[in-house]
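A.B. asks: What follows is a single structure, and I will ask about it in a moment.
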Amino acid sequence: MPYTTNDIRNIESKWQKFWETHKTFRVDTDPLKPKYYVLEMFPYPSGKIHMGHVRNYTIADVIARYKMMRGFNVLHPIGYDAFGQPAENAAIKNKTNPAEWTYRCIKQMHDELKKMGFSYDWDREFSTCDAEYYKWNQWIFIKMFERGLAYKKASSVNWCPDCETTLANEEVINGTCWRCKTTVVQKDLEQWYLKITQYAPSLLEDLKKLEQWPSRVRAMQENWIGKSYGVEILFKVKDAAETISVFTTRPDTIFGATYVVLAPEHSLVKKLIAGTKQEKETLDFIEKTANKSKSLRMSGDQRKEGVFIGRYAINPVNNEAIPIFIGDYVLMEYGTGAIMAVPTHDQRDFEFAKHHKLPMRIVIQDLKNPSLSIEDMSQAYEEEGLLVNSGEFDKTPNEEAKKKIAEWMQLKGFGKLSIHWRLRDWLISRQRYWGTPIPMIYCAACGVVPVPFHQLPVELPKDVTITGEGGSPLARVRTFVECACPKCGKPARRETDTMATFFDSSWYFLRFCSPRNNEEIFDKKDAQYWMPVDQYIGGIEHAILHLLYARFFTKFLKDLDLITTDEPFTRLLTQGMVLKDNEVMSKSRGNTVDPDEVLSQYGADTLRLFILFAAPPEDQLEWNSDGLEGSWRFLNRVYQMVEKRYSTTVIPAQGGIHNQNDADNTLERERNAAIKRVTQSFEEGYKFNTAISHLMVLANAIDKYSNIGHSRESGNPDTSQQTLLNQSIETLVLLLAPFAPHVAEEMWQMMGKSEATIAQVAWPTFDEKALKTSTIIIAVQVNGRVRAQIQITPDMPQEELRKICLADPGVAKYAQEAAIKKFIVVPNKLVSIVV
RNA sequence: GGGCGGGUGGUGGAAUUGGUAUACACGUAGGACUUAAAAUCCUAUGACCGUAAGGUUGUGAGGGUUCAAGUCCCUCCCCGCCCACCA
């Protein structure tokens, strides 16, 4: 019977219904069974799933199903990262409510995921916009507040004029808003921050534990956290009481410091310029810089601007008076907001010094080319060398001098060793509606007061008009804003900012452990059993933000003694992008392929199989509809193979295998080899593309064997051959089950197996002995060229092998016994003869 | 500028980690079946020379180590991603 699109629809919906009614993938905490927690990065519910989702979730599903067949208690949940701006934009556009729009999208997404046949425990499904979930966001926030990890601070923040909200540093991409690409500007605001910097040392240190993360993700996090060792050096200001502290990682160049630069916002600047001739010029410059957006200031190829402020600093190592500048290339947020400038050995200082015609002094000489001179320099010399013009440190290699000078300065009291981090505290306030309300109350008498636990959740008011203009929508809802102070009971005002959505996704994997618990954030016992996530899967775009925040929250919750693990994700897989015509598939490019259309034409199994077969999971995947057709053909072939064998005749399933001839042995070997290789591709790095190729090899072998069987003169193959054939097909179906679960179920049922669902049948095992062959073919090389293929018995002794080799005409043509210099044997692989 | 990946047939990709390069698929060509088409099946398929047997060559380029290199070492070119005035 041909296998049609209609058959597929029927088969797939039949088994989806079966899994649903039997709750096949529902799991509970069971301390007697080994657990396995597979998780994909949950989706933002935009309504439709795209190929990126399909790829991500298919990879996760195949792993989950495999682990299930290996006997693990597998937790494989799904939820929705449902807060965020698109819902507000859609609400404005469609004149609806963000909640309504979001829940409609979730429903649609839920149905699409079901059609893919993913093995989720649907009983654990939730959305972050459910009050039952975000209540615990608020709870975490208050716990952080109580420990000083959530705090309010006025500062210059990144502001997106289009979204009318603040952005975290991590959300500013090349000076633009990560969401709408509008140029980000600076604005002074009072905002809530999370003190992630307190965890910087452990976030960095514990990266070492994450051996099963891609090295590039670890490297990206390491760069982002950005630990640097250096020295804070104190420069006294000439004729003043003030001292400037500068941070440097290059103390070896201190003798070459010819000026000092402060950030324009530096707190000392106004004090130092009071009454100087340069006062007005300096103030003008500060004003000018403040109007420049931070992104513009931070882009590297900007000309370095600055002005002399009319004051001098004393270099502590040589008592030289050097001018003090303010410059836009010095950032207040990093280090101490002040630098010592060594133009000869720092490119930025070099450019600044050239522009302002400032003095330079070489303090490191190039070992290979010792004629380095200021006149000839066209750029700073940042390589290694020996110190010169550096007093007692002359002739010291600069790497060594770094340490020596740092220690010497510490001893003399000129400075102290210090460590600086690139990581900044995380700004989480958003002036938006569709997010978790920050559970804080402002009371004129009591100050900032957290909402008490029994009043949680602080629910989002339902009837709010979203216009996208005029700042936070919540601020205009009187019934929301006006409240009683929990401490003194007097009228107070509620915080109207909501949390950044990254907050929601920083701990959802814990909530999946006990999603219906309304008394606690999660059940400690459940979390203890399921955590950490054994396999996490998602896009590389989350390498920094989400993964760093999730690690931070995990560490914090561990410090609250709620969990025992300090890292959330043991193993991480970052799947590659889906491309079409060599470009990333995206709506804006208009080159998307709708999974829904593929589903209605080919069904989920074909789509799953293609997407896994076309490329290894971590690589980019080029969409190819011909390849899709190929996956369809393969499934069809296997289906017909099973149907032909099991639907018409009853086949005796009894009897052992007594392999009689080469064909029998070959098939049995291929069967075992397929089990071995497919299993390996799961256990050693998820090479699903080769796993599927091994399934195809087995299918080819079965076909070949059946064809021989039909042409046998003796007519029907005997019982043992029937059994071998059945067993091989059975193996093929079992190995196929994680990849194409619907067809596999159907075939399993057709085969009359007693188990209700193949998803719970044990994964097949192989016998190493069956992989052996009685004869093998090896290559014979003469002087590195393959000259013959010879058939030998395994592990043949060298003398015999030598005879056989030389007797081969192809070898004899190039090598005679007398001329042999070397005779190298790679056991059971090849022979290499040197003449 | 810094970090991390890559570069293999017409295409997607394999290669047991130094041991017969191109598994498996896609595509293409030829054939079978068919009134015909689709579907399916069979055969061939890195390039070059040759009717063939066979030979030469071949994993971005060039060198090296080795009996043997896609894999190791050196020099260089190109592509992708991430970070970047971070002192």
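Any read-out appearing in this document is the output of simple, stated calculations on the displayed coordinates, not a laboratory observation. Just so it is clear, the model here is predicted, and its values are computed rather than measured. Glycine also receives a Cβ, built like all others from the backbone with ideal geometry; neighbour counts cover every protein chain displayed.
A.B. asks: What are the ³J(HN,Hα) values, in whole Hz, obtained from phi via the Karplus relation 6.51 cos²θ - 1.76 cosθ + 1.60 with θ = phi - 60°, for each residue of the range A:192-200 in sequence order, with x given for Gly and Pro?
C.D. replies: Running phi through 6.51 cos²θ - 1.76 cosθ + 1.60 with θ = phi - 60° gives 8, 10, 10, 7, 5, 4, 5, 9, 3 Hz.
A.B. asks: Take the alpha carbon atoms of the range A:720-795, find their center, do the same for the range A:372-399, and report the distance between the two centers in whole angstrom.
C.D. replies: Comparing the Cα centres of the range A:720-795 and the range A:372-399, I get a distance of 67 Å.
A.B. asks: Taking 28 Å as the cut-off for C-alpha to C-alpha distance, list the pairs among A:LYS115/A:LYS462; A:LYS23/A:LYS769; A:LYS135/A:LYS181; A:LYS107/A:LYS524; A:LYS236/A:LYS402; A:LYS135/A:LYS487 that go past it.
C.D. replies: Violating the 28 Å Cα-Cα cut-off are A:LYS115/A:LYS462; A:LYS23/A:LYS769; A:LYS135/A:LYS181; A:LYS107/A:LYS524.
A.B. asks: Looking at the range A:169-227, which trypsin sites (Lys or Arg not before Pro) are DSSP coil and have at most 13 other C-beta atoms within 10 Å of their C-beta? Can you show the working numbers first?
C.D. replies: Working: sites: A:ARG179, A:LYS181, A:LYS187, A:LYS195, A:LYS208, A:LYS209, A:ARG216, A:ARG218, A:LYS227; in loops: A:ARG179, A:LYS181, A:LYS195.
Of the trypsin sites (Lys or Arg not before Pro), the ones in loops of the range A:169-227 whose Cβ has at most 13 other Cβ atoms within 10 Å are A:LYS181.
A.B. asks: Then there's this: Taking just the alpha-carbon atoms of chain A, what radius of gyration and Dmax come out, in angstrom?
C.D. replies: Cα-based Rg and Dmax for chain A come out at 34.6, 113 Å.
A.B. asks: Oh, and also: Can you list which of the GluC sites (Glu not before Pro) found in the range A:744-792 are DSSP loop residues with at most 12 other C-beta atoms within 10 Å?
C.D. replies: Listed in order of number, the matching sites are A:GLU755.
A.B. asks: Going toward the positive end of the dipole of the range A:690-835, with +1 on Lys and Arg Cβ and -1 on Asp and Glu Cβ, which of A:ASN783, A:CYS805, A:LEU732 do you reach last?
C.D. replies: Farthest along the dipole direction, towards plus: A:ASN783.
A.B. asks: Read phi for every residue in the range A:627-632 and hand back ³J(HN,Hα) as whole Hz from Karplus 6.51 cos²θ - 1.76 cosθ + 1.60, θ = phi - 60°, with x for Gly and Pro.
C.D. replies: Each residue of the range A:627-632 in turn: x, 4, 4, x, 5, 4 Hz.
A.B. asks: Can you give me the angle between helix A:131-146 and the longest principal axis of chain A, using Cα atoms only, in degrees from 0 to 90, rounded to the nearest 10?
C.D. replies: Its long axis makes an angle of about 40 degrees.
A.B. asks: Still on this structure, please answer the following. Quick one: which residues, 5 or more positions from A:PHE522 or on another chain, have an amide H under 5 Å from its amide H? H modelled 1.01 Å from N in the peptide plane, none for Pro or chain starts.
C.D. replies: Amide H to amide H, under 5 Å and 5 or more residues apart or across chains, A:PHE522 pairs with nothing.
A.B. asks: Oh, and also: Rank A:PRO452, A:GLY471, A:GLY489 by how far each Cα sits towards the positive end of the charge dipole of the range A:374-504 (+1 on Lys, Arg Cβ; -1 on Asp, Glu Cβ) and give me just the farthest.
C.D. replies: Toward the positive end, the furthest listed residue is A:GLY489.
A.B. asks: Considering the zone a paramagnetic label at A:ARG424 would reach in this model (a point 7 Å from Cα along the Cα-to-Cβ line), which residues of the range A:471-508 have amide N under 17 Å from it?
C.D. replies: Within reach of a label on A:ARG424: A:500.
A.B. asks: Computed over the Cα atoms of the range A:175-230, what is the ratio Rg over Rh, Rh following Kirkwood?
C.D. replies: In the range A:175-230, Rg relative to Rh is 1.09.
A.B. asks: Right, here's the next one. To check you understand DSSP bridge types, tell me what percent of the beta bridges within chain A (both residues inside) are antiparallel, rounded to 5.
C.D. replies: 75 percent
A.B. asks: For helix A:279-291, report the angle its Cα long axis makes with the longest principal axis of the Cα atoms of chain A; keep it between 0 and 90° and round to the nearest 10°.
C.D. replies: It is inclined by approximately 20 degrees.
A.B. asks: About the Cα centre, and with charges only on the beta carbon of Lys, Arg (+1) and Asp, Glu (-1), how big is the dipole of the range A:487-536? Nearest 20 debye, please.
C.D. replies: Here the range A:487-536 has a charge dipole of around 380 debye.
A.B. asks: Could you run the Karplus curve 6.51 cos²θ - 1.76 cosθ + 1.60 with θ = phi - 60° over the range A:478-485 and give me ³J(HN,Hα) per residue in whole Hz, x for Gly and Pro?
C.D. replies: Listing the rounded values in order: 4, 5, 7, 5, 7, 7, 9, 5 Hz.
A.B. asks: 222 nm [θ] for chain A, helices only, -39500 (n - 2.57) per DSSP H run of 4+, per residue, to 500?
C.D. replies: Taken over chain A, the calculation gives -11500 deg cm²/dmol.
A.B. asks: Also, quick follow-up: So for each of A:800-806, A:421-427 I average, over its residues, the number of other beta carbons within 10 Å; can you give me the resulting order with the highest mean first?
C.D. replies: Final packing ranking: A:421-427, A:800-806.
A.B. asks: Given H placed on each backbone N at 1.01 Å, which residues far from A:ILE173 in sequence or on other chains put an amide H within less than 5 Å of it?
C.D. replies: Under 5 Å from the amide H of A:ILE173: A:TRP178.
A.B. asks: Report the Cα centroid-to-centroid distance between the range A:434-498 and the range A:809-827 in angstrom, as an integer.
C.D. replies: That distance is 88 Å.
A.B. asks: If packing is taken as the average number of other Cβ atoms within 10 Å across a peptide's residues, how do A:230-243, A:565-578 rank, most packed first?
C.D. replies: A:565-578, A:230-243
A.B. asks: Still on this structure: Under unit Cβ charges (Lys, Arg +1; Asp, Glu -1), what dipole magnitude, rounded to 20 debye, does the range A:363-410 have relative to its Cα centre?
C.D. replies: For the range A:363-410, the charge dipole is close to 160 debye.
A.B. asks: Report the paramagnetic label zone for A:LYS209: residues of the range A:517-545 whose backbone N is under 12 Å from a point 7 Å from Cα along the Cα-to-Cβ axis.
C.D. replies: A:532-533
A.B. asks: Could you order the peptides A:13-25, A:332-344, A:250-262, A:785-797 from most to least packed, using the average number of other C-beta atoms within 10 Å per residue?
C.D. replies: Peptide ranking by packing, descending: A:250-262, A:332-344, A:13-25, A:785-797.
A.B. asks: Another question about this same structure. Among A:GLN379, A:SER156, A:ALA240, pick out the residue whose Cα is farthest towards the positive end of the charge dipole of chain A, where Lys and Arg carry +1 and Asp and Glu carry -1 on C-beta, about the Cα centre.
C.D. replies: A:ALA240
A.B. asks: When DSSP beta bridges are limited to those with both residues in the range A:65-218, what percentage is antiparallel, rounded to the nearest 5?
C.D. replies: About 90 percent, rounded to the nearest 5.
A.B. asks: Where the centre of each part is set by its Cα atoms, how far does the range A:231-266 sit from the range A:162-200, in angstrom?
C.D. replies: So the two Cα centres are separated by 30 Å.
A.B. asks: Scan around A:GLU333 for amide H atoms under 5 Å from its own, H built in the peptide plane at 1.01 Å from N, and keep only partners 5 or more places away or cross-chain.
C.D. replies: Sorted by chain and number, the residues that satisfy this come to none at all.
A.B. asks: Here is a further query. Place a +1 charge on the Cβ of each Lys and Arg in chain A and a -1 charge on the Cβ of each Asp and Glu, then give the dipole magnitude about the Cα centre in debye, rounded to the nearest 20.
C.D. replies: It comes to approximately 720 debye.
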